[in-house]
2 protein chains.
Amino acid sequence: MSGLAISFADIEAAAGRLKGWAAETPLIESPALNDRLGLRVLIKPETLQRVGAFKFRGAFNRLAQLTPEERTRGVVAFSSGNHAQGVALAARLLGMPALIVMPADAPRVKVEATKGYGAEVRVYDRLTESREQIAAAIAQERGAVIVPAFDDPHIIAGQGTAGLEMVRQAEALGAALDVVVTPCGGGGLLAGVATAVKALSPRTALIGAEPAGYDDTLRSLQAGERQPLTPRARTLCDALESPCPGELTFPILLRHVAGMAVVTDTEVAAAVRFAATTLKLVAEPGGAAGLAALLAGKVDTFGGRTVGLVLSGGNIDPDLLARILRDEI
Amino acid sequence: MSGLAISFADIEAAAGRLKGWAAETPLIESPALNDRLGLRVLIKPETLQRVGAFKFRGAFNRLAQLTPEERTRGVVAFSSGNHAQGVALAARLLGMPALIVMPADAPRVKVEATKGYGAEVRVYDRLTESREQIAAAIAQERGAVIVPAFDDPHIIAGQGTAGLEMVRQAEALGAALDVVVTPCGGGGLLAGVATAVKALSPRTALIGAEPAGYDDTLRSLQAGERQPLTPRARTLCDALESPCPGELTFPILLRHVAGMAVVTDTEVAAAVRFAATTLKLVAEPGGAAGLAALLAGKVDTFGGRTVGLVLSGGNIDPDLLARILRDEI
């Protein structure tokens, strides 16, 4: 008994549920990136996942396990965007209603996409309203199930399938991963990927990347217990604005994570620009946090040379991408 | 004896030479694109190829077959950009000097990248100078080999490896391609891909996409013989500004191509925008010509539902991409 919220078997089961529904995103390599870093970087572009982010994996894995009765009443989630889209699409594919509570300042592209997948969207004001209270009230009224963004075993296991695929795809290339880097908000992706990677390749070091001003995971790991922070600054990484690791994700991170890198907006913008101009991949700021950490030399590879990198999402407002391409950020 | 410049065996041999040097780009699928078109589109993103375009395949296949003596004297090429980069990188990897003759109005990103790969660049004026004469003079002076952009059997065979991979990757997904669409300039990519696809899947229809103002391939196929045109207009598709199909590519196109689609700048810009915002892939205008044709409903699928699409290049100036993202084009 590990005492952790999920086991590797949960990830394998999730992979079975996702088969034919989620994309098996490729594992790709850029000689230009390798040359620049002096490393071999194997990139898992979850930007090419359904809804443009890994979040579909966890959402689908959660919703696929609802009972017929629960499906009738549907689901409620709150999210600034990618989880919203993941839940909305999974609900549509599985034939159940979904309502998503989204902040008024969420990227427009994410709000529109969530509506496009057929979900009802309830907008709230970050400063004056509590999304948790709104969601809880609606869920109670409808008898709907609340789908957390990260602190749920099925969500974590679903996200872990990205790590499972990455290790197997790397093996198929004859590569052994020394380090795996993923962005980190509430820790669902990092915890899931860490569980998969450590099961298949125990010597691989896991590194998370979080934005400056939201380095709650670094602080919590240093303290050995969850340390919520009070958000003081905005970050380009809207997808990573989580003020505290989850109750379920944190013990997994504490067990498996070797280090955290904290990246600035400038570094993140440079990574989004590099992704578009050199990798030819569109990444959103939060999705490029791991790449930003690598490009900024903030990832300790412990002497290793082969790095697995999750580019976790690509849902960026076109105007923001244009500004970044023009060096306006 | 087919009377054509290359056979399928030449493509298989090229694939052997490219192994470990060129990327095997993935074959990816976007449910959003499928839904929009009512088709299943399997996308071969050569944007993720080395140098950001399929051109590396042909250039490397050509340069790898030079004799040691020829390698000492090096190569000369003329190109607005992607062939330039392909030759420059292949030359660097194989350890020979390269000089590229590029128009003064080539996309800056392509000129810089070509220099970045270590090639010498000689800029010329499209209106007052002949790139052929400049290249010929330099080649004679140095005893260097001229590497044509498309009208060369080794170049065509190299480009064909993209088609070989596509058919095999589709088979691995359990998909049979009804139609394959590629952009078309001088016809190297289309001829190579057609040769591979027809050898492996004779019933698959081949469609080329070329820009308005440069529909020389359509006109030539209609006439049954090469019809050079006098360029009257500029096009966003700098990579496809070829005024005439090649001597070697044309007979292959005449044998294998079922139809051509001609796309406008507006349609191409929409495709570049769609690629970035929905597919999360950066494509250059010429590279997105096939996607543009599909989105504009200009591809006859002959009742088929499964389409292979080559997204052939991603080397777009960041400022142009920004303008397209902002709907300024």
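The values are calculated or read from the model by the stated rules, or taken from the named source; none is laboratory data. Worth saying up front: this structure is predicted, and the values here are computed from it rather than measured. A quick note on method: Cβ atoms are made from the backbone with ideal geometry, for glycine too, and the neighbour counts reach across all protein chains shown. Just the protein is used for accessible areas: all its heavy atoms, side chains included, with ligands, DNA and RNA removed. Shrake-Rupley method; radii C 1.70, N 1.55, O 1.52, S 1.80 Å.
Computed values, structure above
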item	result
Percent accessible area from carbon and sulfur atoms, the stretch B:77-204, protein chains only, probe 1.4 Å	52 percent
Long-range amide H partners of B:A176 with built H, under 5 Å	none
For B:R234, label point 7 Å along C-beta direction: distances to other copies, nm	3.6
Highest to lowest packing among A:239-250, B:151-162, scored as the average C-beta count within 10 Å	B:151-162, A:239-250
DSSP-defined beta bridges in the protein assembly as shown - what % are antiparallel, rounded to 5	10 percent
Solvent exposure, largest accessible area first (probe 1.4 Å, DNA, RNA and ligands not counted), of A:F54, B:F302	B:F302, A:F54
Where B meets A: accessible area buried, both sides, 1.4 Å probe, Å²	2000 Å²
Whole-number accessible area per residue in Å² for the stretch B:47-123, which is evaluated in the context of all protein chains at 1.4 Å	32 Å²
From the C-alpha gyration tensor of chain A, square roots of 5λ in Å	28, 22, 19
Square roots of 5 times each gyration tensor eigenvalue, C-alpha, the stretch B:196-255, largest first, Å	23, 14, 9
B:V263 long-range amide H proximity, modeled H, under 5 Å	B:E210, B:A212
Burial order of peptide ranges B:83-90, A:2-9 (average beta-carbon count within 10 Å, highest first)	B:83-90, A:2-9
The stretch A:44-182: C-alpha pair distances exceeding 25 Å, %	29 percent
In degrees, nearest ten, helix B:188-200 long axis to first principal axis of chain B (Cα)	50 degrees
Protection-proxy order for peptides B:189-199, A:64-74, A:311-321, each taking the mean of Cβ atoms within 10 Å per residue, highest first	B:189-199, A:311-321, A:64-74
Pairwise Lys count, chain A - Cα closer than 24 Å, eight or more residues apart or different chains	15
For chain A, share of DSSP beta bridges that run antiparallel, in % to the nearest 5	10 percent
Neighbouring partner chain Cβ atoms per residue of A:30-38, average, 10 Å criterion	2
Cα centroid separation - the stretch A:170-213 against the stretch B:1-43, whole Å	32 Å
Approximate shape of the stretch B:1-63 as ellipsoid semi-axes (Cα gyration tensor, √5λ), whole Å, largest first	28, 17, 9
Copy-to-copy label separations for A:R142, where each label sits 7 Å from Cα toward Cβ, in nm and ascending	6.7
Dimensionless Rg/Rh of the protein assembly as shown - Kirkwood Rh, Rg from C-alpha atoms	0.99
Neighbouring partner chain Cβ atoms per residue of B:272-282, average, 10 Å criterion	6
Span from the the stretch A:112-144 Cα centroid across to the the stretch B:79-112 one, whole angstrom	53 Å
Using alpha-carbon coordinates, inclination of helix A:131-142 to the longest axis of chain A, degrees	40 degrees
